[in-house]
1. Show the residues, 5+ positions off or on another chain, whose built amide H is closer than 5 Å to the amide H of Tyr34.
2. Which listed residue (Val7, Phe46, Leu29) has the Cα farthest towards the positive end of the charge dipole for the stretch 2-108, taking +1 on Lys and Arg C-beta and -1 on Asp and Glu C-beta about the Cα centre?
3. Could you state the number of Å between the C-alpha centres of the stretch 99-121 and the stretch 29-62?
4. When every alpha-carbon pair in the stretch 42-133 is counted, what percent end up more than 24 Å apart?
5. Give the lysines reachable from Lys6 as a straight Cα distance under 21 Å; neighbours fewer than 8 places away on the same chain don't count.
6. Taking the Cα centre as origin and putting +1 on Lys and Arg beta-carbons and -1 on Asp and Glu beta-carbons, what dipole magnitude results for the chain, to the nearest 20 debye?
7. Amide H neighbours of Ile105 under 5 Å, at least 5 residues apart or on other chains, H built in the peptide plane: list them.
8. Order of 71-80, 23-32, 99-108, 10-19 by packing, highest average Cβ count within 10 Å first?
Amino acid sequence: MKEKKKVEQDKQVLHVIQREIDIITALLLLTGQYTIFGIFVEPGSFSLSVGGPITGTSRIVSKSGDKTVDLTIDAIDILLAILLISDKVNINGIFISPRGFSLSIGGPLFGGAKPEPDLPHAEKIFNEFNKIL
């Protein structure tokens, strides 16, 4: 019983960490340190990739200097930040490349699953650990 309670506490800690990552990402989007970087399309869902100088990528801006395009990119960044803060979407992955990395944002609003903390082997590990002790 104690192990199950411990697993639930650990899941709660992971959930808090995930929310903190979402909030930090939202703040980085709002301050212009992150911007939409790309889109990943899967059957039935999609997720948006964000990155910036902090992650080793450059901030996306209009190649021609078109202010309308830059404003659209900024509007998408603000919308993503609002969705992250309101817990409608979440960071659901990381994409690593030779140039750096980007974070993937998705969730039910985009047709995907909501990321939930999971410790699939925790009970087995706790049981084995207790046997050793």
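1. Leu29
2. The listed residue farthest towards the positive side: Val7.
3. With the stretch 29-62 and the stretch 99-121 each reduced to a Cα centre, they are spaced 14 Å.
4. 42
5. Qualifying lysines at Cα under 21 Å: Lys124, Lys131.
6. The calculation lands at about 240 debye.
7. Close amide H contacts, sequence-distant or interchain: Leu48, Ser49, Val50, Asn92.
8. Sorting 71-80, 23-32, 99-108, 10-19 by mean packing, highest first, produces 99-108, 23-32, 71-80, 10-19.
Here, each number is a calculation from the coordinates, and none is a lab measurement. All values reported here derive from a predicted model rather than from experimental measurement. Glycine gets a Cβ as well: all are built from the backbone with ideal geometry, and neighbour counts include every protein chain shown.
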